[in-house]
Amino acid sequence: MHIIALAELLNVDARELDKALLSRDYTDDGIVPEEIAQDLLSLYKHYLGQIITPEKSNSIPIHLKSVPIIYGLFDGSALTYIGKSVSVFYRLAQHVKEKDFDGIWVIESSRKDIDIMELIYISHFQPRDNRDGKEVMQVIRKLIAKI
């Protein structure tokens, strides 16, 4: 598959994707082996399929206090920040000092997927306080490493 076609399917810059694939010797003259392209697309769709729509809450279930979680902060009805933590109460205490929010959302994750899932949520929902434009390529680089 041509790198440009794969980049369009993943909605990323072709040059950035080419660099990421070259770092693992997964491309040759702009052509990505079909198996690699399909594995990458399959992984990306798998993680996208795990997204649930964040719903604002004012509490966190106590059983989530020491497990890997993805969390979101709300200001009114707007999801303004997404992060990850293995100690959610400690992390939220830090945010109280730094951010203005009036609601939260949490979802349990696994340690092995927490980094990718955080980036997937950020790239999908694009909260105001997370926007640096790099999330999708960060996800792709992590997925390439799994292939």
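Observations on the model:
- Based on DSSP H segments of at least four residues, each scored -39500 (n - 2.57), the chain has a per-residue ellipticity at 222 nm of -14000 deg cm²/dmol.
- For the chain, with all protein chains in place and a probe radius of 1.4 Å, 50% of the accessible heavy-atom surface sits on carbon or sulfur.
- Taking a straight line from the alpha carbon of K97, these lysines sit under 18 Å away, with near neighbours fewer than eight places off in the same chain left out: K84.
- When the alpha carbon gyration tensor of the chain is reduced to an equivalent ellipsoid, its three semi-axes come out at 33, 15, 12 angstrom, largest first.
- Whole-number percent relative contact order across segment 1-72, with pairs defined as alpha carbons under 8 Å at least 6 apart: 26
- Put the Cα centre of segment 9-77 next to the Cα centre of segment 106-138 and the gap is 7 Å.
- For segment 52-147, the solvent-accessible area works out to 54 Å² per residue, with a probe of 1.4 Å and every protein chain left in place.
- For the set K56/K142; K99/K142; K112/K146, the pairs lying more than 20 angstrom apart at their alpha carbons are K56/K142; K99/K142.
- With contacts taken as Cα pairs under 8 Å at a separation of at least 6 residues, the chain carries a relative contact order of 25 percent.
- Per-residue accessible area (protein heavy atoms, 1.4 Å probe) orders Y71, Y90 as Y90, Y71, starting from the largest.
- Overall dimensions of segment 73-147 as given by Cα atoms, namely Rg and Dmax in Å: 13.0, 40
The values are calculated or read from the model by the stated rules, or taken from the named source; none is laboratory data. Note that the structure is predicted; figures quoted are calculated from it, not measured. Note: areas computed on protein heavy atoms with side chains; ligands, DNA, RNA excluded. Shrake-Rupley method; radii C 1.70, N 1.55, O 1.52, S 1.80 Å.
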